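The values are calculated or read from the model by the stated rules, or taken from the named source; none is laboratory data. Small disclaimer: the values here were computed from a predicted structure and weren't measured. Counting neighbours? That spans all protein chains shown, and the Cβs are built from the backbone with ideal geometry, glycine included. These accessible areas exclude ligands, DNA and RNA; they are computed on the full protein's heavy atoms, side chains included. Shrake-Rupley method; radii C 1.70, N 1.55, O 1.52, S 1.80 Å.
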Amino acid sequence: MTTATIATATPYPYSFDLSRTALVIIDMQRDFVEPGGFGETLGNDVSLLQSIIPAVAAMLAGWRRAGGLVIHTREAHAPDLHDCPPPKRLRGAPSLRIGDKGPMGRILIAGEPGNDIVPELAPIEGEWVIDKPGKGAFYATRLHERLQAAGITHLLFMGVTTEVCVQTSMREANDRGYECLIVEDGTASYFPEFHKAALAMMTAQGGIVGWSATSGMVLKEL
Ligand code: C5J
């Protein structure tokens with residue numbers, strides 16, 4: 001085992017062993033980052049999310065080169081919506097609701113074109129793809145069991161959105177005992193102030209949820 005240390009991580013150095021660490025890319029789906037998807041139906045400017053694709057792609061390429069485990073998640077519901085609690089579908093006044101037909105197929109439904117991961121970050125053979133009906137990657141999935149079986153102890157998070165699915169997943173992971181780090185420039189929000197606040201609140205109090213670092217800091221150690 002070779003231990004790498006990101007000396008300049010926040011709030012203090014983060015050490016990880018590549019063979020026990022997974023890179024988790026949360027919900028980099030067309031539904032969130034392209035016009036006509038779930039994110040835009042809620043009234044959001046999706047270009048804010050598109051801007052991180054190059055940084056996520058660079059991290060992903062470096063992690064693949066190093067031979068680390070890659071996990072992609074998708075926020076996805078079954079076509080019959082049995083896994084979509086009615087309040088999730090009915091809340092607010094979006095232009096289209098989950099399951100409605102939009103320009104990229106049915107909104108947030110597994111198998112529809114809009115539910116795919118963006119082509120720049122498409123999974124390759126051997127990478128895990130976890131469909132999740134909730135905001136957190138551990139809710140109603142077998143992710144924890146699979147990570148345990150694979151001997152994974154450390155998780156690096158990227159993806160969208162910082163304060164919703166990324167933060168929820170990292171909090172769930174932290175409660176299950178994983179040592180977590182969020183890649184600052186590999187995650188984004190429709191609300192830049194929420195992005196900043198989420199990073200600050202997770203790393204405050206001695207890393208109450210975990211660490212943060214830039215993709216450059218991580219890549220330097222691979
Ligand atoms: C949201 C997500 N924002 N992936 N999902 O509903 O963050």
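Having 3 or more residues that are within 12 Å of the ligand (Cβ to nearest atom) is the bar; report the helices (runs of 4 or more DSSP H) wholly within region 1-93 that clear it.
Ranges flagged: 30-33, 38-41.
If residue 61 satisfies all but one of (1) open to solvent by less than 60 Å² (accessible area, probe 1.4 Å); (2) touching a residue at least 12 places away in the same chain (Cβ under 8 Å); (3) under 26 Å from residue 184 (Cβ atoms), what's the number of the condition it fails?
Of everything listed in (1) open to solvent by less than 60 Å² (accessible area, probe 1.4 Å); (2) touching a residue at least 12 places away in the same chain (Cβ under 8 Å); (3) under 26 Å from residue 184 (Cβ atoms), residue 61 misses just condition (2).
Need pairs with beta-carbon distance below 8 Å; first residue over 17 Å from residue 210 (Cα atoms) and within region 1-24, second among the basic types (Lys, Arg) and open to solvent by less than 60 Å² (accessible area, probe 1.4 Å); sequence gap 6+ or separate chains.
Listed pairs, sorted by first residue: none to list.
In region 173-182, which residue that is part of a strand (DSSP E or B) and away from the ligand (no atom under 16 Å from the Cβ) is most open to solvent (accessible area, probe 1.4 Å)?
179
Of the residues in region 128-172, how many are assigned to a strand (DSSP E or B) and within 13 Å of the ligand (Cβ to nearest atom)?
Of the residues in that region, 7 qualify.
Being more than 16 Å from the ligand (Cβ to nearest atom) and under 21 Å from residue 46 (Cα atoms) narrows it down to one residue among 125, 112, 120; which is it?
Among 125, 112, 120, only 120 is more than 16 Å from the ligand (Cβ to nearest atom) and under 21 Å from residue 46 (Cα atoms).
Out of all the residues in region 183-210, which are in a strand (DSSP E or B) and either within 15 Å of the ligand (Cβ to nearest atom) or open to solvent by less than 10 Å² (accessible area, probe 1.4 Å) (or both)?
183, 186, 187, 188
Scan region 84-128 for residues that are open to solvent by 30 Å² or more (accessible area, probe 1.4 Å), under 20 Å from the mean Cα position of the chain (by Cα) and among the aliphatic types (A, V, I, L, M) and report the count.
Within region 84-128, residues that are open to solvent by 30 Å² or more (accessible area, probe 1.4 Å), under 20 Å from the mean Cα position of the chain (by Cα) and among the aliphatic types (A, V, I, L, M) number 3.
Only one of (1) of a type in the set (Ser, Thr, Tyr); (2) under 30 Å from residue 17 (Cβ atoms); (3) at pLDDT below 95 is not met by residue 95, so which one is it?
Condition (2) is where residue 95 drops out.
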